[in-house]
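The values are calculated or read from the model by the stated rules, or taken from the named source; none is laboratory data. Given the structure is predicted, the values throughout are model-derived calculations rather than measurements. Backbone-built Cβ (ideal geometry, glycine too); neighbour counts: all protein chains shown. When the accessible area is computed, the model is the full protein with side chains, heavy atoms only, and any ligands, DNA or RNA have been set aside. Shrake-Rupley method; radii C 1.70, N 1.55, O 1.52, S 1.80 Å.
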Amino acid sequence: MSGEHHEGSGVSHVQSVKVLAIVLGALLVLTWLTYVTGSANLHGWDLSIAMLIATVKASLVCLFFMHLKYDRPLHGTVFLVAVLFVGVFLAYVVGDSLEYQHYFDQHIEDHVK
Amino acid sequence: MMEVNTQSPTSSQADDHGHSKHLAHHFDDVHQQFDTGKFGMWMFLLTEVMFFAGLFVLYAVYRSNHPEAWQFAAQFLDTKWGAINTVVLLVSSFTVAWAVRNAQLGETRKMLINLVITLLCAGGFMVIKYIEYSHKVHVGLVFPQLEHSLFNPNITAEASAKLAAYEQGEVFHQIEALSAAERNWVGKFFSIYFCLTGLHGFHVLAGMVVLSWLILRGMRGDFGPDNFNAIDFGALYWHIVDLVWIFLFPLLYLIN
């Protein structure tokens with residue numbers, strides 16, 4: 001826990017309304033940004049940019065709305081480990097599927113009417 | 001900075017931390033009780049991330065293999081509704097985070113107002129989801145196993161005629177123009193769309209139950225500076241629902 005306990009009973013960090021409002025404002029601006037970049041032609045960078053913006057938004061929610069910035073490091077670690085394993089899961093399965101997809105596509109071409 | 005509000009008649013009945021009436025007998029103090037609950041909540045959120053991960057991986061496999069089908073299919077989703085729902089959930093995340101602060105400071109009335117706004121946002125999200133879903137069902141952009149699906153290879157002449165007649169058959173003719181294989185992959189997009197948004201929508205409904213329960217308990221005066229664990233943990237769950245949507249919105253609605 002951090003030492004910034006100015007308010008409340010001291011059991012946990014109390015987030016100021018100002019910080020919450022600034023974070024909400026940032027999230028809305030980023031939503032607008034993702035909307036604008038999503039409708040523009042970005043020559044194949046669309047997905048990367050959209051995921052980058054989504055990750056920044058998710059980080060803001062985690063750090064400030066979910067109090068991870070002020071929380072015990074253990075909770076953030078638990079969450080990051082989950083995200084890490086999703087990445088491992090994703091990378092292996094997508095990589096594997098790209099290896100044999102052409103057999104599958106051929107099968108669909110031949111058998112789907 | 002605001003002072004700690006101890007005027008609430010209902011929230012400050014316990015004397016001090018060590019002897020709180022909210023302290024379960026198997027914990028040493030409220031700090032230990034809070035930390036234990038919070039750690040448990042984070043472990044649950046970890047399982048939620050893994051739960052959704054399966055569907056995200058399914059999405060990634062199909063999209064990486066058939067990007068053109070994904071691009072074609074996404075044009076049938078209404079970006080406007082997706083964007084509005086994103087804003088609705090972000091605002092609800094803000095109000096629920098504020099409600100946690102209110103509970104920590106013993107501001108029961110403000111806490112209840114924030115929780116009710118959060119619940120209304122959740123309801124609004126589901127209403128918009130209903131509008132979107134019902135349109136998909138009417139035009140036939142649904143699971144291929146269903147009778148009135150544009151992707152059903154064994155669709156009856158009657159069902160087909162009905163879909164062709166709906167909204168001048170605009171969607172119908174665009175799907176009709178695809179080859180059988182293309183139609184199969186576009187159909188997969190909508191199956192995955194319904195699985196992802198359906199699982200997410202189910203979480204929103206569960207969140208509405210949690211929020212209602214918190215509101216009822218809040219009205220009873222259960223929460224205050226020495227007992228806000230349920231509000232804090234419920235809010236964490238609600239933020240996860242928001243987090244999933246933050247990724248779903250660009251992945252489903254904004255494929256260019």
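Some points to look at:
- Pairwise FRET efficiency - B:Val116 versus B:Gln71, Cβ, R0 = 56 Å, nearest 0.05: 0.85
- Computed over the protein assembly as shown, the range of Cα coordinates on each principal axis works out to 74, 41, 39 Å, biggest value leading.
- For region A:49-96, diffusion coefficient by Stokes-Einstein and Kirkwood Rh (Cα), 10 °C, 1.306 mPa s, µm²/s: 133 µm²/s
- Calculated on alpha-carbon atoms, Rg and Dmax of region A:1-71 in Å: 15.9, 53
- Amide H contacts under 5 Å for B:Gly224: none, restricted to partners 5 or more places along the chain or on a different chain, H placed in the peptide plane at 1.01 Å from N.
- In Å, descending, principal axis extents of the Cα set of region B:113-256: 64, 26, 23
- A:Val36/A:His111 FRET efficiency (R0 35 Å; Cβ-Cβ; nearest 0.05): 0.25
- Solvent-accessible area assigned to carbon and sulfur over region B:30-253 amounts to 68 percent, based on a 1.4 Å probe.
- Mean projected area (nm²) of the alpha-carbon convex hull when region A:73-113 is viewed from all directions: 3.7 nm²
- Per the accessible-area calculation with a 1.4 Å probe, the total area buried between chain B and chain A rounds to 5200 Å².
- With every protein chain in place, region A:1-71: carbon and sulfur % of accessible area (1.4 Å): 69 percent
- Over all pairs of different C-alpha atoms, region B:84-183 has a mean inverse distance whose reciprocal, the Kirkwood radius, equals 16.4 Å.
- Rolling a 1.4 Å probe over the heavy atoms of the protein chains gives region B:30-253 an accessible area of 37 Å² per residue.
- Based on the reciprocal of the average 1/r between different C-alpha atoms, the Kirkwood radius for chain B equals 20.7 Å.
- Comparing mean-square fluctuations of A:Lys18, A:Lys57, A:Lys69 from a GNM of chain A with C-alpha springs under 10 Å, the top value falls on A:Lys18.
- Spherically averaged projected area of region B:61-107 from its Cα convex hull (nm²): 4.9 nm²
- Distance (nanometres) between label positions extended 7 Å along Cα→Cβ at A:Gln101 and B:Glu176: 3.1 nm
- A 1.4 Å probe run over region A:73-113, with the rest of the protein chains in place, finds 73 Å² accessible per residue.
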